[in-house]
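The values are calculated or read from the model by the stated rules, or taken from the named source; none is laboratory data. If you're wondering where the values come from, they're calculated on a predicted model, not measured in any experiment. Here the Cβ is made from the backbone with ideal geometry for all residues, glycine too, and neighbour counts use every protein chain on show. Heads up: the accessible areas ignore ligands, DNA and RNA and are worked out on the full protein's heavy atoms, side chains in. Shrake-Rupley method; radii C 1.70, N 1.55, O 1.52, S 1.80 Å.
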Amino acid sequence: MDTIMLTDSNLLFLLQLSSPALPVGAYSYSEGLETLVENGTIATQDHLKHWLEMELRYGAIRLEAAVMVRAYQSTKKNDLKTLSDWNFWLSAARETEELRASSSGMGRSLMRLLIELQPQIAPIANAVGNPCNYAIAFGVAAAHWQINMQAAVLGYLHSWAINLITSGVKLIPLGHTAGQQLLLELHSLLSTTTVEVLSLEDDELSCCSWGLSLASMKHETLYTRLFRS
């Protein structure tokens, strides 16, 4: 991956946008991971690593990141119609009610936060409408804050990985050192996936996420749950 050049201001915006402390409720979603731990599919650090690697190579997170890029580009061009169309497209691509709810819940929270921080974003938010997917809101924020697009994709993927690793640390459970080791081991794949996502054409947007879909559908029937998805 090419070297990413960021000003101090751009870097600070990216760190704020991709921070686990961002109040969008990401900590409350496991994206089916809770089901997989419950049924024994994921029981070790290596299991979790394999799942995350497969998701980055073939799963829905690639699709979300690619749509985030299109939201970024549409915002830059002030093409609000295309921005809204991609939001509808991503909603239709979500296979389960829980996945749609997590995406729209986080998107709504992020868009509300952006409007409070930067009221000038309100017309864009109104054009997108409700529900607003998280990838769309993230792309709008990254474009508005002039964050380098490649850095924005890397930040989006990195924040996704942190959230699921944190979920795995709680559920399996793993030690915090193991979680950090796992994140370190994903660095190369996160960079590779970023480059691949940026090269995707519209008609190449696809994913193989049936495992995630099945885990998500079974989640609502678990006897006990720590997470909302």
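So which lysines pass the test for Lys170, namely a Cα distance under 23 Å, with those fewer than 8 places away in the same chain ruled out?
Answer for Lys170, where 23 Å is the Cα cut-off: Lys49, Lys218, listed by chain and number.
Please identify the longest segment of the chain free of exposed trypsin sites (Lys or Arg not before Pro), where exposed means a DSSP state other than H, G, I, E or B and no more than 16 other Cβ atoms within 10 Å.
1-224
Within the set of other residues whose C-beta is less than 14 Å from the C-beta of Asn130, count the net charge using Lys and Arg as +1 and Asp and Glu as -1.
On the way: positive: Arg100, Arg108, Arg112; negative: none.
In short, +3.
Carbon-plus-sulfur fraction of the accessible area of region 47-136, 1.4 Å probe, in percent? Show your work: numbers first, answer last.
Details: 2060 of 3890 Å².
That share works out to 53 percent.
In deg cm²/dmol and to the nearest 500, what is the mean residue ellipticity at 222 nm of the chain if only DSSP H runs of at least 4 residues count, each as -39500 (n - 2.57), divided by the residue total?
-22000 deg cm²/dmol
Convex hull over the alpha-carbon atoms of region 143-187: what's its volume per residue in Å³?
Per residue, the Cα convex hull of region 143-187 comes to 71 Å³.
If you rank Leu11, Leu174 by how much accessible surface each has, with a 1.4 Å probe, what is the order from largest down?
Ranked from most to least accessible, the order is Leu11, Leu174.
For the chain, what is the accessible area per residue in Å², given a 1.4 Å probe and the full set of protein chains?
On the way: 11040 Å² over 229 residues.
Accessible area per residue, the chain: 48 Å².
Nearest 0.05, what FRET efficiency do Leu15 and His47 give at R0 = 25 Å with Cβ-Cβ as r?
0.25
Rounded if a/c is under 1.5, else prolate if a/b is larger than b/c, else oblate: which is region 117-166, with a ≥ b ≥ c the root eigenvalues of its Cα gyration tensor?
Oblate, because a/c is 1.5 or more while a/b does not exceed b/c.
Hey, what's the Cα Rg ratio for the chain versus the globular rule of thumb, 2.2 N^0.38 Å?
0.97
Enumerate the calculated ³J(HN,Hα) couplings along region 195-203 in order (Karplus 6.51 cos²θ - 1.76 cosθ + 1.60, θ = phi - 60°), each rounded to whole Hz, writing x wherever the residue is Gly or Pro.
For region 195-203, the Karplus-derived couplings read 4, 5, 4, 5, 8, 6, 8, 4, 7 Hz, x marking Gly and Pro.
Whole-Å semi-axes of region 11-142's equivalent ellipsoid, largest first, each the root of 5 times a Cα gyration tensor eigenvalue?
Equivalent-ellipsoid dimensions as semi-axes: 28, 16, 14 Å.
Mind grabbing the base-10 log of I(q)/I(0) for region 103-220 at q = 0.12, 0.16 Å⁻¹? Debye formula, identical points on the C-alpha positions, no solvent, two decimal places.
Log-scaled intensity ratios, in q order: -0.58, -1.01.
Compute log10 of I(q)/I(0) for region 46-102 with the Debye formula, placing one identical point scatterer on every Cα and leaving out solvent, at q = 0.17, 0.20, 0.25 Å⁻¹, to two decimals.
For region 46-102, the Cα-only Debye profile gives -0.65, -0.80, -0.99.
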